[in-house]
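Below: the structure, in structure tokens.
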Amino acid sequence: MPQPTEEMEARLTIAIPTYNRAEKLREQLDRLMPQLTPEVRCCVWDNASTDGTREVVEKYVSRGIAYTCASYNGGAGRNFLRCFEECQTEWLWILSDDDLVSARAVSDALALIRGQPCDYIHTLPPQAQCNSEIVVSDVSRLLKHYNLGRLLWVSFGIYKMSSFRPLLWLYNDSISTWGPHLVMVLALLERRGGKVLLSPTSLISESNNLCRWSTLDFIVRFSRLPDYLVQPEHQKAIAEQIWLEWVASALLLGLRETSGPVQIRKWRQAQRSVGCNLRAYHARPFWIYVVWNWFRPGHRRQSLALLQSALVLASLRWCPLPLFRPLLKILSPLLVLPFKVLVGENLSVMDKEYVPTG
């Protein structure tokens, strides 16, 4: 691969944070290598992997891939922060090792940043459809066009570093929310008058995300995200979107973590904590959405799924502990629609493999 020269300085860094996913990383690098040009730097940030990741990447280092391995596993959030801190180009694309790039991803990304006046570019998910570019400069309009699930997916975003370096302290402060990169984008609009481009270009062809994060841990932490916004109306809007998009699906997925009494108590505590957190921002509960949208075209199915999930979650929350698992088995037919409508929309972020059983 030709190296950057003075005539063609690198403008885009593709940073790939990874941990113990050597084969996924190999597949991603095989897709990227033929696309790289002197305008692009590709860096792998290894979070102290123990599965042979170093040996995989060493085969690509001579072909222009930079590799850095941490001396210890500092957590995913810290590894992503390193991508921001060490970026030396004008633009940064943080790419998950399991979000496979399209055949023209690099050239499309370079075309997007060339002469780009916006501070952040959010590209289109696989299989999504959009025909025009949209530029937004406030939080409310951003939320009108994109849901939080799409904004949370880090591989879709390209960051102008001159706009985001002053916000890295906020990333560090909000790292426990599971969405510090999203916090920075919201703060860019709210505090710094930045601009976000919602692009119809798709850079990702498919995602092989099969991670098994604790969805209970995720939703408790994510429910604190509104605290990092300044305007009360924005805090409320974010809290309501979290309640509508994430709470039911995360708690339903969290049922896989209720194998015993201790885990069941943790599940119930998560349900209480999330409700308290979101109500603190004056978020209206999802049943208001159900009442308001029941007769609106295109909303009946989601409304019914929310009602069924609410029935299951409330029943499991208040039933005696010894009856939790038997009741879950009885109620499992009511989970089919909520899993299709609510959980299915968020599997790409949380877990694609979980299937509800009694």
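So here's what we get for this one:
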| item | result |
| --- | --- |
| Highest average packing first - 26-34, 191-199, 316-324, Cβ atoms within 10 Å | 191-199, 26-34, 316-324 |
| Sites Lys144 and Leu304, calculated FRET efficiency, Cβ-Cβ separation with R0 35 Å, nearest 0.05 | 0.90 |
| Charge dipole of segment 217-346 about the Cα centre (unit charges at C-beta), most positive-ward option of Leu304, His282, Leu327 | Leu327 |
| Computed magnitude of the charge dipole of segment 12-207 (debye, nearest 20; Cβ of K, R +1, Cβ of D, E -1) | 380 debye |
| Percent antiparallel among DSSP beta bridges (both partners in the chain, rounded to 5) | 40 percent |
| FRET efficiency for Ser71 and Arg31, using Cβ-Cβ distance with R0 set to 45 Å, rounded to 0.05 | 0.95 |
| Rounded Å value of the spacing that divides the Cα centres of segment 250-324 and segment 44-73 | 41 Å |
| Positive-end extreme of charge dipole, segment 217-346 - chosen from Trp246, Gln269, Trp292 (charges on Cβ) | Gln269 |
| Relative exposure of Ile14, Ile330, judged by other C-beta atoms within 10 Å (fewest first) | Ile330, Ile14 |
| The chain: relative contact order in percent, alpha carbon pairs under 8 Å with at least 6 residues between | 15 percent |
| Segment 12-207 - percent relative contact order, Cα under 8 Å, separation 6 or more | 27 percent |
| Relative contact order computed over segment 217-346 (Cα-Cα under 8 Å; 6+ residues apart), in percent | 30 percent |
| Chain lengthening between Lys59 and Arg272 when straightened (0.36 nm per residue, less Cα-Cα) | 71.7 nm |
| Nitroxide proxy distance, nm - points 7 Å out along Cα→Cβ at Val262 and Val336 | 3.6 nm |
| Proxy reagent accessibility, fewest Cβ within 10 Å first, across Asp98, Asp173, Asp46 | Asp173, Asp98, Asp46 |
| Residue-averaged [θ]222 nm for the chain, counting only DSSP H segments that reach four residues, each worth -39500 (n - 2.57) | -12500 deg cm²/dmol |
| Bridge type composition, segment 12-207 - antiparallel percent by DSSP, nearest 5 | 40 percent |
| Unit charges on C-beta of K, R, D, E only; dipole of segment 217-346, Debye | 380 debye |
| Pairs beyond 27 Å (Cα-Cα), from Lys144/Lys329; Lys144/Lys195; Lys144/Lys266 | Lys144/Lys329; Lys144/Lys266 |
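Every number here is computed from the coordinates shown, using simple stated rules; none is lab data. Everything numeric in this text was worked out from a predicted model, so none of it was measured. Don't worry about glycine lacking a Cβ; one is built from the backbone with ideal geometry, like all the others, and counts go over all protein chains shown.
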